[in-house]
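Q: Sharing a structure with you now.
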Amino acid sequence: MNTTDKKTCRLCSHLDGEFRVTAAIALLAALASIVGAMTLPETAGGKNALPEYCQLLLIIISTVFALRANNHQTFYKFVFWVLVLIFLREINYGRTLPCFADPDNPEKFKKWKEIPYGWLAHPLIGLYIAAVLAFFFWKKLYLTMWEILTTSRIPVWETTVLVLAAVTAQLSERLSISSSVEELFELTFYTSLLCLLWRFTRGQYKTIPGTAKES
């Protein structure tokens, strides 16, 4: 076996191309986002629209999977706190809740300085992020993350959809293509993330030959 074949074989050992139910769910979510992007009005990407509520629901379900992980419980506890931060970010840390919307324009919201004690928001967010990072390093979870990455085979289908959805959503936002496209592909991203979390927290993943999976 030549050097190229060895490298290819090594790369393949890190990938799991099996098509499971989670892969089908991720692909269906991507297909639904494509169809929705072509047919739904721009208002579908507005704040507090249905796609955003669906995103929040997926994040909540993901936190449940993280808290009920069958393995690496401490690491997935960290993942839980990260997901909480993502949830808060999706609602702009509470600033874009319906109760703060302008009665005459549901897409317009108060600024932090217009909300009582709103000036506390950014310092509290900073403290939260610092606390989560401190937990990550205190528990040496970078070692656990490295162990997972070096012993687990990456589910190809779910990961590919996740990455493509993230790139599409970011490009849509940065290039101001369409808010509905952005929100729909964020929804696909969170669907793929949920599928991956389910597989890894429930032990439904393959390991690289020669490595041991934690029981």
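Q: Could you work out the helix-only [θ] at 222 nm for the chain, with each DSSP H run of four or more residues adding -39,500 (n - 2.57) and the total divided by the number of residues, to the nearest 500 deg cm²/dmol?
A: -21500 deg cm²/dmol
Q: For the stretch 113-215, state which GluC sites (Glu not before Pro) are in a DSSP loop and have at most 13 other beta carbons lying within 10 Å of their beta carbon.
A: Those satisfying the criteria are Glu214.
Q: If you average the C-alpha positions of the stretch 22-94 and of the stretch 133-180 separately, how far apart do those two centres end up, in angstrom?
A: 13 Å
Q: Assuming 0.36 nm per residue, please report the length gained on full extension of the stretch Ala166 to Thr43 beyond their Cα-Cα distance.
A: Stretched fully, the Ala166-Thr43 segment lengthens by 42.2 nm.
Q: So, R0 is 35 Å and r is the distance between the beta-carbons of Ile34 and Ile129; what FRET efficiency does that work out to, to 0.05?
A: 0.55
Q: Thinking of the chain as a set of Cα atoms, what percent of all their pairs are more than 33 Å apart?
A: Result for the distance tail: 26 percent.
Q: Now for a different question. Please build a GNM for the chain, connecting alpha carbons under 10 Å apart, and tell me which residue among Ala44, Ala131, Ala66 fluctuates the most.
A: With Cα springs under 10 Å in the chain, the top fluctuation among Ala44, Ala131, Ala66 is at Ala131.
Q: Now a separate question. Would you tally the net charge around Ala165, using a Cβ to Cβ cut-off of less than 11 Å, leaving Ala165 out, and scoring K and R as +1, D and E as -1?
A: Local charge sum for Ala165: -3.
Q: Okay, next question. Once the other residues with Cβ under 14 Å from the Cβ of Leu56 are scored (Lys, Arg +1; Asp, Glu -1), what is the net sum?
A: Once positives and negatives cancel, what remains is -2.
Q: Placing unit charges on C-beta atoms (Lys and Arg positive, Asp and Glu negative, everything else neutral), compute the dipole magnitude of the chain about its Cα centre in debye, rounded to 20.
A: 880 debye
Q: Hey, another quick one. Of all accessible surface on the chain at a 1.4 Å probe, what whole percent is carbon and sulfur?
A: 68 percent
Q: If you don't mind, there's one more thing I want to ask. With every protein chain kept in place and ligands, DNA and RNA left out, what is the accessible area per residue of the chain? Probe 1.4 Å, answer in Å².
A: I get 60 Å² per residue for this part.
Q: Mind counting lysine pairs for me in the chain? Cα separation below 18 Å, and the two need to be 8 or more apart along the chain or on different chains.
A: 5
The values are calculated or read from the model by the stated rules, or taken from the named source; none is laboratory data. As the structure is a prediction and not an experimental result, all values here were calculated from the model. Note that each Cβ is placed from the backbone with ideal geometry, even for glycine, and that neighbours are counted across all protein chains shown. Surface areas here come from the heavy atoms of the whole protein model, side chains and all, with no ligands, DNA or RNA. Shrake-Rupley method; radii C 1.70, N 1.55, O 1.52, S 1.80 Å.
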